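**Q** Quick one: structure below, then a few questions.
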Amino acid sequence: MPKFTLNGQEVEAKPGQTIIQAAADHGMEIPHYCYHPDLPIDGNCRMCLVEVEKMPKLTPACTTLVNDGMVVRSENERVKEAVRGVLEFLLINHPVDCPVCDQAGECRLQDYYMVYGLHTSEIPLGMKVRKRKVIDLGPMVVLDQERCVLCSRCIRFFEYVTETGEMQFFGRGDHVAIGTFEDRPLDNPYSGNVVDICPVGALTSRDFRFKCRVWFLHATDSVCGGCSTGCTVRIDHRDGTIFRLLPRRNVEVNRSWLCDEGRLSFHKLSDGERITRPLVKGRDGVQAPVTWEEAARSIDSRLKEIRDTNGAASILGFASPSATNEALFLFKRYLDGLGATQFDFRLDSEDKKLADEEDQILRHFDKHPNSMGAIKLGLMSEQVGGIEGAINAARAGRLKAGVVIYFKPLVERPGDAEAEGRVLALLDELEYSVLLTSHKADWQDSASVVLPVAAWSEEEGTYTNFEGRVQLAGKAIEVEGNALPVWEVFAMLLHASGAESPWMSAEDVFATMADSVSVFSGITLDQTRLPGVVVG
Amino acid sequence: MKKQAKVIDVSARAESESSFTKGVLGPLVGMGLTINRMVDNLTGKVNATIRYPEERRAYSDRYRGAHILTAREDGSPRCVACYMCATACPADCIYIEPAEHPDPLIEKYPARFDIDMLRCVFCGFCVDACPEEAIIMSRESELCAFTREETMWDIKRLMQRPELPEFGLGYRPNQTLVDSTVKFTPKEKEKKKLAGRVTLKEDVEMIIHVTFDPTKD
């Protein structure tokens, strides 16, 4: 372990670390544009110049390896003067169009200017080298060549992460600009990441463009609900509307990346009407709105009636792999209490697709965030055999009643409509069915009871990704109407059935789950924050 | 040496103060003044009030009245929907909806720009915050309306100000710049139908950077 002195402080670095990395590990940010922790080091922006004792010149902190006994200074006048000079050079041809730039507020040029620059621009706008603006680069990215500081992060991203190499420098001298060959669109499934890694406003998001100024947004730490990878994300929202998803750096799962489908997955939530009140089918066969208490009482008494006449084996619990661990845990607990033994969650072959990689970077074929959680909680049985088996059993009369949770996947795939059709078929075959879902659809008429529940981002909870990593997703926005989180619905049903129901929050449910389910035993909620905890 | 304290004979003073001059003549003199003023007022020699609204007082050049959205040469709004005004606004009365401008040099423009005049506290922060001289204030202070809806001024209302020549420009931090380039279009028409609009010349672009010279701020 090399030890070195950083601004008069003895600091330990890991072997092979550069100064900038070691400093970052100790909470000290050395200004930089081109350096990115998940990209190869380039050393072209010269912003990270630091003074190293016995070196004749200032040296870039991102390329200089830490040696034992090194004495580094990053905050003295000589360094600041140099950084100010570099910044002034970078800003020579910058158009200073912050008022129209979407990056304003999270722009490194702005940040460092306020710390190091504060100089007067000597170049009037008329003398600046003008480059092209508002270049459409595919569905995710808009390019503005003028704002670019030529750090090459985007170029390196496409070269080393996606290995597609769409972007490159063009031109010479101060006419150098980034771009794609003949403005070809960036159509690879990870192109949205260059918007995040661009330290300035050169690459901005097509989807987020002009939607909201970033300083109005509130951030909630969450987990992407788009597939079984479970990338850690940040939800940026304002007044109950989600504006964008950004990756949170999690070295264990997604590093700094997020796929475009996941990035845009939140649009699916506002797509389609929401169910706002519990609906119970009356004698006339028409669903009518009732209060939650009435719904809970009627469900509980009806299920018990069916159990008493047809036996507990005639009750099916059909979970959704998009529900949180807490929801699935209470779901199972309630049905276990009734004596039900028939559980499953597979609309398709989620259990098999779970660990199948769609590509080499992030995505998995299973488009549900919590299939592994459902498996770990024992919601998969060969006895039922997926939804096909359940439909057949219901048709044969072996299953009479069912509690079904269904969420539309946030990332669409061709088979989704068929999967939804199978849920409908199941509801049709069952004599009595309780459907918990978030969005309205025609086929829900078949259910005896429809309960409105919170969708992804509207409730707190943990998800278990493909490798069994439990991660906490926070609640970003409020639920619409009278909908409740799934765990709360089952807590209510447990209460209606006369069982103990002491939970006040998802956190309480998590604690009970950690106590009573062996797989989750011993883990605490704190562990499920970055980077999450892998369960057996 | 200690100074001798002055001794005042209180009873003598009380007597002098309740003398005939002060007790009787004083009020008479005062009454005379009042009557004189009354006569002056009645005859129109002196007038303390003005006949509002036929007459108006001249407000200061920095008076903060109803806002004006300034225009470019071609009549489109100067505003680029940067939200600086909405961010600075302490009353939260500015609502902006940006849209994509076909000209890449402008890039962004407000599809909607509403100011709730009932919420506005006329602090002028929006004017201070604006980096484009797109919002300035007028000296217009008569903002009554019959309905609440009318007090929501949209972008059209904020830009086209027929009553502007009557009131004049108000608070504008960059006064010399704005005044040197300000233009009312159309210039002269019938007084009632003036569709006034402030226009800044295109060379303003350069000067904006001077405005933001941090050493002068």
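The values are calculated or read from the model by the stated rules, or taken from the named source; none is laboratory data. Keep in mind that this is a model prediction, so the values were computed, not measured. Cβ sites come from the backbone with ideal geometry, for glycine too, and all protein chains shown count toward neighbours.
**Q** For residues in region A:1-49 being farther than 25 Å from A:Gly117 by Cα and in contact (Cβ under 8 Å) with a residue 60 or more places away in the chain, which is nearest to the chain's Cα centre (by Cα)?
**A** The selected residue is A:Asp38.
**Q** Does B:Arg148 fit the bill of being farther than 30 Å from A:Lys131 by Cα, loosely packed, with under 15 Cβ neighbours inside 10 Å, modelled with pLDDT of 85 or more and not β-branched (Val, Ile, Thr)?
**A** When the stated conditions are applied, B:Arg148 passes them.
**Q** Go through (1) of a type in the set (A, V, I, L, M); (2) at pLDDT 90 or above; (3) out of contact with any Gly (no Cβ under 6 Å at 6 or more places or on another chain) and name the single condition A:Met372 misses.
**A** It fails just one condition, (3).
**Q** Picking from B:Thr87, B:Thr70, B:Thr43, B:Thr34, which residue would you name as being among the β-branched types (Val, Ile, Thr), closer than 20 Å to A:Cys101 by Cα and within 39 Å of the chain's Cα centre (by Cα)?
**A** Only one candidate passes the filter, namely B:Thr87.
**Q** Taking the condition in a loop (DSSP other than H, G, I, E, B), outside the structural domain of A:Val176 (by TED's automatic domain parsing), of a type in the set (Lys, Arg) and more than 30 Å from A:Ala219 (Cβ to Cβ), does A:Arg46 pass?
**A** yes
**Q** All but one of (1) closer than 22 Å to A:Arg255 by Cβ; (2) out of contact with any His (no Cβ under 6 Å at 6 or more places or on another chain); (3) not charged (D, E, K, R) hold for A:Ser497; state the number of the condition that does not hold.
**A** (1)
**Q** Now for a different question. Of all residues being modelled with pLDDT of 90 or more and exposed (fewer than 15 other Cβ atoms within 10 Å of the Cβ) in region A:112-128, which is farthest from the other protein chains (Cβ to nearest Cβ)? Just the residue, please.
**A** Per the criteria, the residue is A:Val115.
**Q** Let me ask something additional. Quick check on region A:189-206. Is at least one of its residues under 10 Å from the mean Cα position of the chain (by Cα), crowded, with 19+ Cβ neighbours inside 10 Å and not in a loop (DSSP other than H, G, I, E, B)?
**A** no
**Q** Same structure, new question: Kindly establish whether B:Asp116 is more than 9 Å from every other protein chain (Cβ to nearest Cβ), among the acidic types (Asp, Glu), surrounded by 14 or more Cβ atoms within 10 Å (Cβ to Cβ) and within 24 Å of the chain's Cα centre (by Cα).
**A** yes
**Q** Within region A:159-183, how many residues turn out to be in contact with a Leu (Cβ under 8 Å, 6 or more places away or on another chain), farther than 20 Å from A:Lys128 by Cβ and surrounded by fewer than 24 Cβ atoms within 10 Å (Cβ to Cβ)?
**A** The total comes to 5.
A quick yes/no check of all residues on (1) in contact (Cβ under 8 Å) with a residue 40 or more places away in the chain; (2) at negative phi; (3) within 14 Å of another protein chain (Cβ to nearest Cβ):
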residue	(1), (2), (3)
A:Ala61	yes, yes, no
A:Asp68	yes, yes, no
A:Asn76	no, yes, no
A:Glu81	no, yes, no
A:Gly85	no, yes, no
A:Pro99	no, yes, yes
A:Asp102	yes, yes, yes
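**Q** Now, a different point. For region A:319-352, what are the residues that are charged (D, E, K, R) and either at pLDDT 90 or above or touching a helix residue (DSSP H, G or I) at 6+ places or on another chain (Cβ under 8 Å) (or both)?
**A** Across region A:319-352, the qualifying residues are A:Glu326, A:Lys332, A:Arg333, A:Asp336, A:Asp344, A:Arg346, A:Asp348, A:Glu350, A:Asp351.
**Q** Among the residues in region A:117-128, are any among the β-branched types (Val, Ile, Thr) and either within 33 Å of the chain's Cα centre (by Cα) or within 29 Å of A:Ile20 (Cα to Cα) (or both)?
**A** For region A:117-128, residues among the β-branched types (Val, Ile, Thr) and either within 33 Å of the chain's Cα centre (by Cα) or within 29 Å of A:Ile20 (Cα to Cα) (or both): present.
For every residue, the table says whether it meets (1) of a type in the set (A, V, I, L, M, F, W, C); (2) outside any strand (DSSP E or B).
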{"residue": "A:Arg283", "(1), (2)": "no, yes"}
{"residue": "A:Ala295", "(1), (2)": "yes, yes"}
{"residue": "A:Arg302", "(1), (2)": "no, yes"}
{"residue": "A:Ile306", "(1), (2)": "yes, yes"}
{"residue": "A:Thr309", "(1), (2)": "no, yes"}
{"residue": "A:Pro321", "(1), (2)": "no, yes"}
{"residue": "A:Arg333", "(1), (2)": "no, yes"}
{"residue": "A:Phe343", "(1), (2)": "yes, no"}
{"residue": "A:Asp348", "(1), (2)": "no, yes"}
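**Q** Quick check: is even one residue across region A:209-231 in a loop (DSSP other than H, G, I, E, B), of a type outside the set (Phe, Trp, Tyr), within 14 Å of chain B (Cβ to nearest Cβ) and at positive phi?
**A** No: region A:209-231 contains no residue that is in a loop (DSSP other than H, G, I, E, B), of a type outside the set (Phe, Trp, Tyr), within 14 Å of chain B (Cβ to nearest Cβ) and at positive phi.
**Q** Moving on to the next point. Can you tell me which of (1) within 12 Å of another protein chain (Cβ to nearest Cβ); (2) out of contact with any Asp or Glu (no Cβ under 7 Å at 6 or more places or on another chain) is the one B:Ala111 doesn't meet?
**A** Condition not satisfied by B:Ala111: (2).
**Q** Among (1) within 14 Å of chain A (Cβ to nearest Cβ); (2) closer than 18 Å to B:Asp92 by Cβ; (3) crowded, with 20+ Cβ neighbours inside 10 Å, there is one condition B:Ala134 misses while meeting the rest; what is its number?
**A** Looking at each condition in turn, B:Ala134 falls short on (2).
**Q** Okay, moving on. Evaluate region A:464-472: report whether one residue or more is farther than 30 Å from A:Gly282 by Cα and small (Gly, Ala, Ser).
**A** Yes, some residue in region A:464-472 is farther than 30 Å from A:Gly282 by Cα and small (Gly, Ala, Ser).
**Q** Can you find a residue in region B:81-97 that is touching a residue at least 60 places away in the same chain (Cβ under 8 Å), outside any loop (DSSP other than H, G, I, E, B) and within 14 Å of another protein chain (Cβ to nearest Cβ)?
**A** Within region B:81-97, none of the residues are touching a residue at least 60 places away in the same chain (Cβ under 8 Å), outside any loop (DSSP other than H, G, I, E, B) and within 14 Å of another protein chain (Cβ to nearest Cβ).
**Q** Output the residues belonging to region B:63-87 that are surrounded by fewer than 19 Cβ atoms within 10 Å (Cβ to Cβ) and within 17 Å of B:Asp116 (Cβ to Cβ).
**A** Across region B:63-87, the qualifying residue is only B:Thr87.
**Q** Which of the residues that make up region A:506-522 are surrounded by 17 or more Cβ atoms within 10 Å (Cβ to Cβ) and assigned to a loop (DSSP other than H, G, I, E, B)?
**A** A:Val517, A:Val519, A:Phe520
**Q** Might you check whether a residue that is out of contact with any helix residue (DSSP H, G or I) (no Cβ under 8 Å at 6 or more places or on another chain), crowded, with 18+ Cβ neighbours inside 10 Å and closer than 24 Å to A:Phe490 by Cβ occurs anywhere in region A:400-414?
**A** Within region A:400-414, one or more residues are out of contact with any helix residue (DSSP H, G or I) (no Cβ under 8 Å at 6 or more places or on another chain), crowded, with 18+ Cβ neighbours inside 10 Å and closer than 24 Å to A:Phe490 by Cβ.
**Q** Let me ask something additional. Going through A:Arg206, A:Arg234, A:Arg238 one at a time, which residue ends up being basic (Lys, Arg) and more than 14 Å from chain B (Cβ to nearest Cβ)?
**A** A:Arg234
**Q** Which residue, of A:Glu459, A:Glu429, A:Glu388, is under 26 Å from the mean Cα position of the chain (by Cα) and touching a residue at least 24 places away in the same chain (Cβ under 8 Å)?
**A** On inspection, the qualifying residue turns out to be A:Glu459.
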